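The values are calculated or read from the model by the stated rules, or taken from the named source; none is laboratory data. Because the structure is a prediction, the values reported are computed rather than measured. Note that each Cβ is placed from the backbone with ideal geometry, even for glycine, and that neighbours are counted across all protein chains shown. When the accessible area is computed, the model is the full protein with side chains, heavy atoms only, and any ligands, DNA or RNA have been set aside. Shrake-Rupley method; radii C 1.70, N 1.55, O 1.52, S 1.80 Å.
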Amino acid sequence: MTQLTAPATDSPSPAPPVPQTDGRTSERPLPLRLLARPEVGVFLGAAAVYVFFLIAAPPVREGAAMANILYSSSTIGIMALPVALLMIGGEFDLSAGVAVITSSLTASMLSYQLTMNVWVGVIVALLVSLGIGFLNGWMVVKTGLPSFLITLGSFLILQGVNLAVTKLVTGNVATDDISNMDGFSQAKKIFATSFNIGGVDVKITIFYWLVFAAVASWVLLRTKYGNWIFAVGGNKDSARAVGVPVAFTKISLFMLVGLGAWFVGMHQLFTFNTVQSGEGVGQELIYISAAVIGGCLLTGGAGSAIGPVFGAFMFGMVQQGIVYAGWNPDWFKAFLGVMLLGAVLINLWVQRTATRR
């Protein structure tokens, strides 16, 4: 006769189910998630440079000195923003520096030589700047050539035209003073005025810089156009396959660089009343460097609008901090080169650290 054994009452309870996660959905520590942001590294770098010059150059602690630093940063940062958006879209513009001078020369010579209201020159300069951007973008899209080559050609053409046309029209390498012409005072209030805040004169470009950065951030993060920029920079063929207007996006990004060049050119014109036709050479590298230091990848498809703000601040801080420290200003470019290499290496380390599982 078979005996039935009672079930054991002291058997261990089943283990709770283990949640199934993968590397994409697992929650990483907050510091690593912050490091994954492209602007965090440059923020830390900007803070370090700021503290360094606070110690090395005591005049930096004064309000007037900081206003000068922010002003220098803003003239770089306003152009670094569209250059950064273009880089996120996977392209470069080496003509950005001389394009600023082209817009200034166009507005100045057209107004002075034809004895017109300066606003006529300003509007024509805007059309010329947008046209240069459109031509660069159209050639890149239609030919399939690297934007490096296309805009290098534009750089050389504009540099030669700036010098040759200015000498031909004015008989000099600089334009004539337009400060007594109709409309000058109104245009100066918009492009080059200052405000007194707490006894310190603050240039209007600082406010424009911050507003443009906020708008660019909103466009990148909250609009369909921002998604298009990331998509065409990541893989234009895949973007085209899902319906992204690649040609429109790229051409419009080049035109945004032209718009920035026009704005900075107008600021320079109405600040100094005259323009040196040989200026602007080398500025394009500073704009690109500010964007790279700000976390924009050279390969496109990644970056932010806030990072270049800190990148431009680092440039302005070094440019003015060297002067306030009493050092030889010839070291400025060397310092920038060190910062650029350091930022690239730090960004590489940050990305590897942030994506390590």
For the chain, dividing by residue count, accessible area per residue (probe 1.4 Å) in Å² works out to 51 Å²
Once both label points are put 7 Å beyond Cα along the C-beta direction, the LEU54-VAL120 separation in nm becomes 5.3 nm
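Classify segment 148-192 as rounded, prolate or oblate, taking a ≥ b ≥ c as the square roots of the eigenvalues of its Cα gyration tensor: rounded when a/c is under 1.5, otherwise prolate if a/b is larger than b/c and oblate if not.
oblate
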So, with points 7 Å from each Cα along the Cβ direction, the TRP218-ASN172 label distance in nm works out to 4.3 nm
Long-range alpha-carbon pairs in segment 66-119, meaning those over 17 Å apart, account in percent for 56 percent
Computed over the Cα atoms of segment 223-357, the Rg and Dmax in Å are 18.0, 57
Scaled by the rule-of-thumb 2.2 N^0.38 Å, the alpha carbon Rg for segment 142-294 gives a ratio of 1.29
Using alpha-carbon coordinates alone, the radius of gyration and Dmax of segment 117-210 in Å work out to 18.0, 54
One finds, for ILE197 and TRP138 with R0 = 45 angstrom and r their Cβ-Cβ distance, a FRET efficiency to the nearest 0.05 of 0.55
Helix 38-56 sits off the longest principal axis of the Cα atoms of the chain, rounded to the nearest 10 on a 0 to 90 degree scale, by 60 degrees
Whole-Å distance linking the alpha carbon centroid of segment 270-300 with that of segment 184-247 is 15 Å
Carbon/sulfur accessible area of segment 211-275, % of total, 1.4 Å probe, equals 68 percent
Rounded to the nearest 10, the angle in degrees between the Cα long axis of helix 118-143 and the longest principal axis of the Cα atoms of the chain comes to 50 degrees
Among [x] 25.9, 124; [y] 18.9, 55; [z] 24.4, 84, the value of Rg and Dmax of the Cα atoms in Å computed for this structure carries the label [x]
Placing each pseudo-label 7 Å from Cα in the direction of the beta carbon, TRP331 and ASN180 end up separated by a distance in nanometres of 4.5 nm
With Cα coordinates, the longest principal axis of the chain makes an angle with the long axis of helix 283-293, in degrees rounded to 10, of 20 degrees
Across VAL200, VAL100, VAL309, the residue with the highest GNM fluctuation in the chain (Cα network, 10 Å cutoff) is VAL200
CD proxy, 222 nm, the chain: helix-only mean residue ellipticity via -39,500 (n - 2.57) per DSSP H run with n ≥ 4, per residue, nearest 500, stands at -23000 deg cm²/dmol
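Extension gain LEU298-GLN113, at 0.36 nm per residue separation less the Cα-Cα distance, in nm?
Separation in residues times 0.36 nm, less the Cα-Cα distance, equals 62.4 nm.
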Given 78-89, 217-228, the highest-first ranking by average Cβ count within 10 Å works out to 78-89, 217-228
Beyond 21 Å, the calculated P(r) of segment 31-141 holds a percent of Cα-Cα pairs equal to 59 percent
